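Notes to accompany the following structure.
The values are calculated or read from the model by the stated rules, or taken from the named source; none is laboratory data. Just so it is clear, the structure is predicted and the values come from calculations on it, not from any experiment. Neighbour counts run over all protein chains shown; Cβ positions are idealised from the backbone, glycine included. What goes into the accessible areas is simple: the full protein's heavy atoms, side chains included, and nothing from ligands, DNA or RNA. Shrake-Rupley method; radii C 1.70, N 1.55, O 1.52, S 1.80 Å.
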Amino acid sequence: MIGRLQAKPLAAGQLLCALTLTGLLARQARGSSALEIVGSILFGNLLVTALIVAAALGLTHFHRLWRQRDAYIFHDGSRLYRGSADSWPLSLIRDVVVSRNEIGIESLRLVVDDDSEVTRELVKLALLADPPEAVRDGVMFAVAGVRGFPSGSALY
C-alpha cells in the first residue's frame, strides 16, 4: 500500500450526492400510483431526470472510492494500481509530479513512457491522506525495485 484516501471528503461527497438525489426525486415524483410516479421521474422534466442520473453516478463514484480508501494506490511488484480500475507497468513509469488542472486543483500525476505526451492522474491532493512526497517516494521506490536496484538501499 502506497497511498490512502481521506475518509471525510469521501463521506461528504456521498452525503451531498444522496441528499441531492433524494431532493430531486422528491421534486420530480408526481402521481397517485407507482406507475405514474415512475413515469413522472423518467419522463417529466428531462433536465431534472438528467440531474438525478448525475447524482446517482456521483453517489456510486464516491461509494467506490470509500470502499477503496485504505489501499487506493498500491503495487504488486510489476504493476502500479490506482483503485481497482487503472494500472500501469512499473517499468514504464518515469516520474511522479504535482500538477494543477485548468481550474487550479492539484493532483499527483504519473509520467509514463508509452510514447504519449499526456500524464496520468494518480490522485487529487485534496483526497490524499498521506503526504504527496511520501506517495511519490513510495512509487519511485517500487519503480527502482523493478529496475533492479532499490533507491532506498543506495549508499551515499
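Just give me the residues in the stretch 1-53 being open to solvent by 40 Å² or more (accessible area, probe 1.4 Å), among the aliphatic types (A, V, I, L, M) and more than 20 Å from ARG64 (Cβ to Cβ), in sequence order. If the condition is that a residue be open to solvent by 40 Å² or more (accessible area, probe 1.4 Å), among the aliphatic types (A, V, I, L, M) and more than 20 Å from ARG64 (Cβ to Cβ), then LEU25, ALA26, ALA34, LEU35, ILE37, VAL38, LEU42, LEU46, LEU47, ALA50, LEU51 are the ones that fit. For GLU102, state whether it is touching a strand residue (DSSP E or B) at 6+ places or on another chain (Cβ under 6 Å) and either among the aliphatic types (A, V, I, L, M) or more than 14 Å from GLY138 (Cα to Cα) (or both). So GLU102 does not fit the description; no.
Residues in the stretch 131-156 that are modelled with pLDDT of 90 or more and either in contact with a Phe, Trp or Tyr (Cβ under 8 Å, 6 or more places away or on another chain) or among the acidic types (Asp, Glu) (or both): 2 in all.
Scan the stretch 121-133 for residues that are under 20 Å from LYS8 (Cβ atoms) and free of Cβ contacts under 8 Å to residues at least 40 places away in the same chain and jot them down. Hits for the stretch 121-133 are LYS124, LEU125, PRO131, PRO132. Residues that are among the β-branched types (Val, Ile, Thr), touching a strand residue (DSSP E or B) at 6+ places or on another chain (Cβ under 7 Å) and at negative phi occur at least once in the stretch 54-74.
Selection within the stretch 98-120: residues that are among the aliphatic types (A, V, I, L, M) and free of Cβ contacts under 8 Å to residues at least 24 places away in the same chain. The member of this set that is surrounded by the fewest Cβ atoms within 10 Å (Cβ to Cβ) is ILE103. In this entry, SER87 passes the filter for residues that are open to solvent by less than 50 Å² (accessible area, probe 1.4 Å), closer than 15 Å to ILE2 by Cβ and not aromatic (Phe, Trp, Tyr).
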